[in-house]
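The numbers here are math on the coordinates, done by the rules we state, and not lab data. Please read these numbers as outputs of a predicted model, since none were measured by experiment. Because the Cβ atoms are built from the backbone with ideal geometry, glycine has one as well, and the counts that use them run over all protein chains shown.
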Amino acid sequence: MNKVITEGIILTPPAFGDGLDVWSSEDGLAGDPTYDGAPNASLIAADADFGTCLELVKTQDVQKLRALYETPIETGCYLRVRVRVKAISGVLPAVRIGAWAGGSNGTHLNGVVEIGAAEQLTTYGEVVEVSAIVGSGSRTGVDMVWGRNATFGHFGLDLTGNTGGVVRIEDIIVEDVTSVFQSDLLDVVDVKDFGAVGDGTTDDTAAFEAADQAANGRDVLISEGTFYLARTVTFASRVRFQGTLVMPDAAILQITQNYSYGAYLDAFGNETLAFKKAFQALLNFTDHDTLDLDGYSIVLDEPIDLHAAVGNRDTFASRRVVCNGQFEARNNASWGDEITTSTASYSASDPNRLTDVANIASIPVGALIEGVGVGVEIYVRAVDVGSGTITLSNPLWGAPASQTYTFTRFKYMMDFSGFTRIARFTFDSVDFNGRSLASAVMISPNGLIYHFKDCFFSNNKDRCITSIGSGCSGMLIDRCQFLSDEQALDVGDRKSIAFNCNANDIKCRDNRAIRYKHFGVIGGTGNIITGNHFFQGDNAGVGDRTAGMIFTIANCKNTFQGNYVDNCYLQWTNEYDPTPDLVTGFSFGSFTLTGNIFFSTGVDKWFRFIQLKPFGTNHYLNGFTVANNLFKAVNGPSLDRVETVDTTHAELNHTRARNVTVTGNTYHSVSDRMENPVTVSVSRTSPSQSWANDVSDHLPFGGHTKTVTAIVPEGQILDAANRGVFEQPYASVGQGSNRAEFNVTWSKPVKGQVQVTVRSDTPN
């Protein structure tokens, strides 16, 4: 940039030969005395070195020479004032550039530097050049920093020292040297050119805003230094950082053109702080819906309270994405679990509350609750210290009126629990590496459609994704890898859980999970679980296994399709029911298992792939399909069965079973193979009137024979005289001590063989 060339601005004052009436002996202001006719000033017409020049006798301690001409000053421009002088006789003075700084309306800018460095003359006749640079910014090499409010200057020189010396002065030159201070020539404007100081304490906010306004398509350069910004700054231009920023927590840095984590890392120089500030901007409408981590691995020294990082909102419902990077915990005490015990009261009439909670102020939101009658994955959703009340993520199922509970607060790298509600938030291609120290993500108490896709959850200490309320409604977990921190432990020693949900409409698709205690705890209804592979074996040989998934709602409306259930099982309960005895309702149903692989290695014959566990009486199967699945066991004995009912709390009422379909499944190394309806061959080689048959090895979950839908003879039925019998027998169901037998009864003793189709349910 050169304003003389680009805009025709005249910077240099008039030559001495044009008259001394425009050269002042004071500040160069209108009305100041000039050197025209002064006894100590004269023009020399033909100096050998200077041509026409000014000869000046020093008569004052500081002999000033200032042009009455107002040289214009623009923000971002830098001017060099230079002059050649030589001593002729008398006392040798020192020489320096001098100026008077002017602002708007002709006012003087007080407090700015108006002199350059002094040069002592030492030899008569020696030509010496003195110069100084003036400009708005505090830049290296700038002698006179005048800031953004300077608009003009009166330039000249000073002779200092003892009086009596005679010097000759060549015409004073003022030239634009802005290009010396610009990076990459014309593509940036530097905040220092607009008055930014960069000392870490001076508020440079106004300078930043002025630089951004002046950029006009160019980048704004934050040159070296530490710049304090006291309030929110929004850059409409692209911004580059050589220096760093200091800002209050509430002040937002909004980078609108080149918004990404890398820019904020450059801005703040600290990985954790950079993410907090970038996330703060993401939720404050910077014209971007995605925070790209630029492939960085962000090392965290402590959990990030995302609500505190944003600081100015409790809810957010616009789509936002964090993608393409890694969060990694670093070892220090901030990751330790907080464990509190406290007595509290509970009533099934108010099933989502604990009341009269002792020491309630020490119990944090998001703490896991343990105690008698507390189901799996119950969390503190909200704490009301004033009323002594805790809101639970789900009801308890059999808690006493009062007891001591244990509250354990895990620490999460990304913690949304401080928000009231978050909707439409996505983590895409992010690796959450807990380094055996930290859990990964706790979502907000309320919300909608969190989405985790193509993420890695590696070595997280306790949990990967935790829901403490209904914030998981509509949550999507797609194509993620869950790599347990407990892979070296035997199954019985594990405690980590990959994810849980409490609300409806969860989609869990095409994920892979290795050796957790549980892959998922599924609350709510209307969920789709498809294409996942989760395996939970160990190296202990024949040993225990845990539930890969736990379904906690009886009538759950779940689809479980195309999954690989590897060395674990499915557990289906109603433990989130505060009054679990069935009085009205649909009971266990609306669940479809189709096209899955159930595989085990090194388990004993008592192992079961599907375990149903009612927590109250009178429950029954009502709309349950198990179709076209593969059940296979290797490296151990054949399994007795693949399904069971855990009767710890209650039995199933098999007399009420409806709409149970178990068909098309393949069994390898399984002795008793469930099927419903089941067709069996019943035969007698000697005449008998009543043909009893036990099908308990086929009926699912220990069911009863309820209906016979077909009896078809195979060949001729003969009586005792070997005469053909052409009559239809009748069937009796629910027979035997286990009620898993049926009888085919004829009008007289007969022999032969029939195919009988029997059901353990009442079909619709």
Nearest 10, in degrees from 0 to 90: the angle of helix 271-282 to the longest Cα principal axis of the chain is 80 degrees
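Mean separation of Cα pairs under 8 Å and 6+ residues apart, divided by the residue count of the chain: what relative contact order is that in percent?
On the way: 2289 pairs, mean separation 42.8, N = 764.
With pairs under 8 Å counted, the relative contact order is 6 percent.
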Inter-probe distance in nm under a simple model that places probes 7 Å from Cα toward Cβ, at VAL113 and GLU338: 5.2 nm
Report the equivalent ellipsoid semi-axes for the chain in whole Å, largest first, defined as the square roots of five times the eigenvalues of the gyration tensor built from alpha carbon atoms. 91, 24, 19
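What are the equivalent ellipsoid semi-axes of the stretch 513-668, built from the alpha-carbon gyration tensor (square roots of five times its eigenvalues), in whole angstrom, biggest first? Show your work: numbers first, answer last.
Details: eigenvalues 125, 51, 48 Å².
After scaling each eigenvalue by five and taking roots: 25, 16, 16 Å.
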Skipping prolines and chain starts, which residues have an amide H placed within reach, meaning under 5 Å, of the one on VAL220, given they are 5 or more residues away or on another chain? VAL189, ARG238, VAL239, ARG240
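For PHE726 and ASP478 in the same chain, what is the full-extension length gain: residue separation times 0.36 nm, less their Cα-Cα distance, in nm? Let's see the in-between values first.
Working: separation 248, 0.36 × 248 = 89.28 nm, distance 6.03 nm.
That works out to 83.3 nm of additional length.
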Listed residue (SER696, PRO13, VAL682) projecting farthest to the positive dipole end of the chain, Cβ model: VAL682
Equivalent ellipsoid semi-axes - Cα gyration tensor, the stretch 179-235, angstrom: 19, 13, 7
In debye, nearest 20: dipole of the chain around its Cα centre with unit charges on the Cβ of K, R (+) and D, E (-)? 4240 debye
Across the stretch 639-649, in residue order, what do the Karplus-derived ³J(HN,Hα) couplings come to in whole Hz, using 6.51 cos²θ - 1.76 cosθ + 1.60 with θ = phi - 60° and x for Gly and Pro? 6, 4, 8, 10, 9, 7, 10, 7, 9, 3, 10
Remind me, relative contact order of the stretch 513-668 in percent, using alpha carbon pairs under 8 angstrom and six or more residues apart? 21 percent
Estimated distance in nm for a label pair at ASP36 and ARG231, the labels positioned 7 Å out from Cα along Cα-to-Cβ: 4.9 nm
Local electrostatic count at GLU338 - Lys and Arg +1, Asp and Glu -1, tallied over other residues with Cβ under 9 Å: +1
Could you give the length gained by full extension between SER297 and ARG673, i.e. 0.36 nm per residue of separation minus their alpha carbon distance, to one decimal place? 130.3 nm
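As a test of the formula, what do you get for the chain when each DSSP H run with n ≥ 4 contributes -39,500 (n - 2.57) and the sum is divided by the residue count, at 222 nm and rounded to the nearest 500 deg cm²/dmol? Could you put the intermediate results ahead of the total?
On the way: 5 runs with 40 residues, N = 764.
Taking each H run of at least 4 residues, the total per residue is -1500 deg cm²/dmol.
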Which shape class, rounded, prolate or oblate, goes with the stretch 403-460 when its Cα gyration tensor gives a ≥ b ≥ c as root eigenvalues, a/c under 1.5 marks rounded, and past that a/b bigger than b/c marks prolate? oblate
With each label point set 7 Å from Cα along the Cα-Cβ vector, what nm distance links ARG656 and PHE285? 5.3 nm
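Can you give the net charge of the other residues whose Cβ lies under 10 Å from the Cβ of ALA650, counting K and R as +1 and D and E as -1? Present the calculation step by step, with values, prior to reporting the outcome.
Values: positive: LYS613; negative: ASP581, ASP646, GLU651.
Overall, the nearby charge balance is -2.
Taking the stretch 120-187, which trypsin sites (Lys or Arg not before Pro) meet the DSSP loop condition and have no more than 10 other C-beta atoms within 10 Å? Walk me through the numbers on the way to the answer.
Details: sites: ARG139, ARG148, ARG168; in loops: ARG139, ARG148.
Of the trypsin sites (Lys or Arg not before Pro), not one in the loops of the stretch 120-187 has a Cβ with at most 10 other Cβ atoms within 10 Å.
For an R0 of 30 angstrom, estimate the FRET efficiency from the Cβ-Cβ distance between THR592 and ALA488 and round to the nearest 0.05. Show your work: numbers first, answer last.
Details: r = 36 Å, r/R0 = 1.20.
It comes out at approximately 0.25.
Would you please classify the overall shape of the stretch 338-409 from the alpha carbon gyration tensor, given that a ≥ b ≥ c denote the square roots of the eigenvalues, rounded means a/c under 1.5, and beyond that prolate means a/b larger than b/c while oblate covers the rest?
Taking the square roots of the gyration eigenvalues as a ≥ b ≥ c, the stretch 338-409 is rounded.
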Sorted by Cβ density within 10 Å, fewest first, the residues GLU675, GLU714, GLU70, GLU302: GLU714, GLU302, GLU70, GLU675
Among ALA399, GLY715, THR122, which residue has its Cα furthest toward the positive end of the charge dipole of the chain, with +1 on Lys/Arg Cβ and -1 on Asp/Glu Cβ? GLY715
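Do you know the relative contact order of the stretch 188-244, to the nearest whole percent, from alpha carbon pairs under 8 angstrom that are 6+ apart? If you can, show how the numbers build up before the last one.
On the way: 120 pairs, mean separation 22.4, N = 57.
It rounds to 39 percent for the stretch 188-244.
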Coordinate range along principal axes, alpha carbons of the stretch 371-513, Å, largest first: 44, 38, 24
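By how many nm would the segment from VAL680 to VAL166 grow when fully extended, if each residue of separation counts as 0.36 nm and the alpha-carbon distance is taken off? Please report the intermediate quantities before stating the final value.
Values: separation 514, 0.36 × 514 = 185.04 nm, distance 12.97 nm.
Stretched fully, the VAL680-VAL166 segment lengthens by 172.1 nm.
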Dipole magnitude (debye, nearest 20) for the stretch 405-538, charges at Cβ of Lys, Arg, Asp, Glu: 240 debye
Which FRET efficiency value, to the nearest 0.05, is calculated for ASN352 and ARG313 with the Förster distance at 22 angstrom and r the Cβ-Cβ distance? 0.25
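State which entries of LYS277/LYS557; LYS58/LYS192; LYS411/LYS453 exceed 31 angstrom in Cα-Cα distance in the structure shown.
On the way: LYS277/LYS557 42 Å; LYS58/LYS192 38 Å; LYS411/LYS453 22 Å.
With Cα atoms farther than 31 Å apart: LYS277/LYS557; LYS58/LYS192.
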May I ask you to derive the FRET efficiency for THR745 and GLU370 from their Cβ-Cβ distance with R0 = 51 Å, giving the value to the nearest 0.05? 0.35
Tell me the Kirkwood radius of the stretch 112-227: reciprocal of the mean inverse pair distance over distinct alpha-carbon atoms, in Å. 16.4 Å
For a quick check: sort PHE586, PHE194 by the number of other beta carbons within 10 angstrom, fewest at the front. PHE586, PHE194
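Just the number: Rg to Rh for the stretch 188-319, Cα atoms, Kirkwood Rh, two decimals.
Numbers: Rg = 14.1 Å, Rh = 14.9 Å.
Radius of gyration relative to Kirkwood radius: 0.95.
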Rg and Dmax of the stretch 3-181, Cα atoms, in Å? 15.6, 45
Where in the stretch 647-689 is the amide nitrogen less than 18 Å from a point lying 7 Å along the Cα-to-Cβ axis of GLN753? 679-688
At q = 0.11, 0.25 1/Å the base-10 log of I(q)/I(0) from the Debye formula over the alpha-carbon atoms of the stretch 678-759 is -0.27, -1.16
Dipole of the stretch 504-552, Cα-centred, from +1 at each Lys and Arg C-beta and -1 at each Asp and Glu C-beta, to the nearest 20 debye? 80 debye
